[in-house]
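K.L.:
This is the structure I have questions about; it appears just below.
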Amino acid sequence: MDFSHPSVARTVNRLRVLNLIAQEGTISRADIARTLDLSKPSTSEIVSLLLEEHLVKESGKADTSAGRKPTNLKLRSDGALVLGIDMDIKTTTYAVANIHGSILRMEKFPIQEHPDPKSTGAEIIKRILKLTHESRTPFKAIVLTTSGTFSEDRKTLVAHNYWPWEQIPLAEVIEKNTSIPTIFAHTTLSMSFAERWFDKETPASYLYINWGEHLESALYIDGIDRLSRFEHTPVGQTGLCSCGSIGCLETVSALSRNGKEELPRAAKAIGKALVAADRATAVDAIIIAGSQTREYLPIIQENFQGSTPIIPSILKEQSTPLASVAVALDWGVFKRSVLEQTKTAIRLG
């Protein structure tokens with residue numbers, strides 16, 4: 001990307017202004033120009049564009065000690081929507097959220113045990129069209145979260161971790177049928193990202209555990225989310241794992257293969273396995289998310305016997321729908337990840 005090109009510079013500055021307004025809550029044009037070191041004409045031009053896009057609105061006068069009181073700006077709650085769709089093993093959850101990330105509507109539907117990609121995709125498109133038809137506010141982005149690997153443009157599901165799906169261009173098909181930009185994102189990586197999106201005080205590094213129908217994990221270190229193999233820690237002599245090994249932690253803890261009566265034993269195994277994972281990663285915290293967290297976190301903590309704090313996700317029961325929402329807001333509206341990459345590129349010359 002050529003950051004010296006005027007059009008690129010304007011795009012970056014627009015994003016900087018939009019994100020500053022989101023961060024401050026309310027802020028005047030003069031304060032935007034001063035904070036971002038922009039000229040007043042450039043600031044006014046960008047703000048006018050954001051007003052035309054219905055992403056921000058004017059909101060009263062700012063308090064000043066003297067002189068003319070400037071007009072404040074803030075995000076427009078009804079200016080844009082995003083749609084997060086989490087495709088779990090047993091259910092598909094649709095979450096409509098506003099620009100602040102507040103979920104306005106959430107619907108959950110069961111999914112077949114061995115879903116057919118064609119019929120599943122048709123059903124998803126049908127529900128999306130229904131949601132968009134019923135909404136007066138435009139959707140800026142759709143993000144599908146599931147467990148798998150994706151094409152570079154994130155339009156195609158290359159392979160699913162738990163279904164025999166391969167080379168399924170579902171995001172591409174949804175985009176063609178709805179005219180709404182759509183991509184795939186990995187569920188657990190998205191949950192880790194959402195933790196930081198909705199909580200500004202997230203630890204600088206952490207191991208993220210997603211305990212639901214399956215056990216998955218991610219590492220957040222040096223500002224990057226990476227999938228972890230914590231769930232493939234060997235803990236037993238039996239149980240064939242999806243990775244091909246025997247006795248992985250996943251085989252003990254996955255709800256999809258173990259009944260609820262096995263959950264206390266699974267929590268103990270997770271706690272004990274975290275000892276070695278903590279030593280190997282040396283993270284600042286261990287974050288546990290998923291449907292089993294509230295009830296079984298004390299058992300995990302009791303069996304951990306380490307010094308690193310084990311804390312529950314701030315997203316609580318909405319961790320998976322908020323994960324897709326956070327990625328949709330970032331990718332479709334605020335592009336904070338792009339801004340961070342821009343800063344890094346400029347710093348490195």
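K.L.:
Using the Kirkwood formula over every pair of different C-alpha atoms, what hydrodynamic radius in Å results for region 202-313?
P.N.:
Details: mean 1/r = 0.0723 Å⁻¹.
The Cα-based Kirkwood calculation yields 13.8 Å.
K.L.:
Can you tell me what the convex hull of the Cα atoms of the chain projects to on average, as an area in nm²?
P.N.:
On the way: hull surface 81.5 nm².
The number I arrive at for the chain is 20.4 nm².
K.L.:
If I build a Gaussian network model for the chain, linking alpha-carbon pairs within less than 10 angstrom, which residue out of Met87, Met191, Met106 has the largest mean-square fluctuation?
P.N.:
Met106
K.L.:
Same structure again: Quick check: the angle from helix 187-198's long axis to the longest principal axis of the chain, C-alpha only, nearest 10 degrees?
P.N.:
It works out to around 40 degrees.
K.L.:
Same structure, new question: Pull out the extension gain between Lys200 and Ser59, defined as 0.36 nm times the separation in residues minus the alpha carbon to alpha carbon distance; nm, one decimal.
P.N.:
48.3 nm
K.L.:
Considering Cα pairs under 8 angstrom that are at least six residues apart, work out the relative contact order of the chain and quote it in whole percent.
P.N.:
It rounds to 15 percent for the chain.
K.L.:
Something else: Please arrange Ser245, Ser7, Ser42, Ser147 by how many other C-beta atoms lie within 10 Å of their C-beta, fewest to most.
P.N.:
Working: Ser245 13, Ser7 8, Ser42 17, Ser147 21.
So the ranking, lowest neighbour count to highest, is Ser7, Ser245, Ser42, Ser147.
K.L.:
Another one. For the chain, what does the helix formula give at 222 nm: sum of -39500 (n - 2.57) over DSSP H segments with n ≥ 4, over the residue count, nearest 500 deg cm²/dmol? Present the calculation step by step, with values, prior to reporting the outcome.
P.N.:
Numbers: 11 runs with 138 residues, N = 349.
My calculation for the chain gives -12500 deg cm²/dmol from helical runs alone.
K.L.:
Using only the alpha-carbon atoms, how far is helix 336-347 inclined from the longest principal axis of the chain? Give it as 0 to 90 degrees, nearest 10.
P.N.:
That helix lies at roughly 80 degrees to the long axis.
K.L.:
Right, another one. Debye sum, Cα scatterers, region 6-76, no solvent: what log₁₀ I/I(0) at q = 0.12, 0.14, 0.16, 0.20 1/Å?
P.N.:
Values, matching the q order: -0.28, -0.38, -0.50, -0.77.
Read-outs throughout are calculated quantities, based only on the coordinates presented, and are distinct from any laboratory measurement. Since the structure is predicted, the reported quantities are computational estimates derived from the model, not experimental observations. Glycine also receives a Cβ, built like all others from the backbone with ideal geometry; neighbour counts cover every protein chain displayed.
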